[in-house]
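What follows is a single structure, written as structure tokens, with notes after it.
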Amino acid sequence: MPISDTSLPAETCALPPTRGYTLLELLVVLAIIGLASAIAAPAAIRLVASWRIETAFRDAGQQLSRLPEQARSSARAIVVRRGEDWPAALGPLPDGMAVVEPIEVSANGFCRGGRVRLQLEDTIGEAVVAPPFCELNRTETLP
């Protein structure tokens with residue numbers, strides 16, 4: 001049977017091989033990424049939580065270190081037993097902070113110490129307010 005001049009041989013009709021990934025290769029890569037993120041995610045969440053509590057302690061420490069200056073400038077003793085006793089001139093009491101043992105600062109600026117508790121979501125941390133400058137020293141953090 002004669003073949004016309006316009007038809008092509010059978011070898012040239014095949015499509016060229018395509019480039020790309022198979023569905024199986026994509027699924028394997030996605031499974032590996034999912035496994036790696038499942039392993040790393042809890043550690044990353046704990047790290048972020050520890051950064052938040054550290055930042056809260058640092059902010060509270062800065063606020064507490066201003067108490068001696070406030071006592072000297074007002075020339076009167078300051079005793080902080082709860083949030084309502086906090087001097088208004090220092091701004092609001094840091095979020096999540098509660099006074100466990102009273103913080104006493106004499107009129108000359110000497111801090112006699114005290115104890116505070118910070119609570120952020122599900123993390124609770126306690127710290128000692130150390131004399132003579134009302135420095136905040138962490139004692140423990142509970143998840």
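Couple of notes before you dig in:
- Computed over neighbours whose Cβ is under 12 Å from that of I45, the net charge equals 0, Lys and Arg +1, Asp and Glu -1.
- Mean shadow area of the range 56-142, taken as a quarter of the surface of its Cα convex hull (nm²): 4.8
- Label separation (I33 vs F133): 5.0 nm, computed from points 7 Å beyond Cα along the C-beta direction.
- Taking L23, L93 and counting other C-beta atoms within 10 Å, the order from fewest to most: L23, L93
- Sparse-neighbour loop sites [GluC sites (Glu not before Pro); the range 63-129; at most 16 other C-beta within 10 Å; DSSP]: E121
- Fewest-first ordering of C111, C134 by other beta carbons within 10 Å of each residue's beta carbon gives C111, C134.
- Residues S106, S73 in ascending order of nearby Cβ atoms (within 10 Å, fewest first): S73, S106.
- Gain in span if fully extended, A77 to L120, counting 0.36 nm per residue against the direct Cα distance: 12.5 nm
- Selection from I103, T123, F57 lying farthest towards where the dipole of the chain points positive, charges on Cβ: I103
- Averaging the sequence gap over all C-alpha pairs within less than 8 Å and six or more residues apart, then dividing by the number of residues, gives the chain a relative contact order of 17 percent.
- The spacing between the range 44-62 and the range 67-126, judged by their C-alpha centroids, is 19 Å.
Here, each number is a calculation from the coordinates, and none is a lab measurement. All of these numbers come straight from a predicted model, not from anything done at the bench. With ideal geometry, Cβ positions are generated from the backbone for all residues, glycine too; neighbour counts draw on all protein chains shown.
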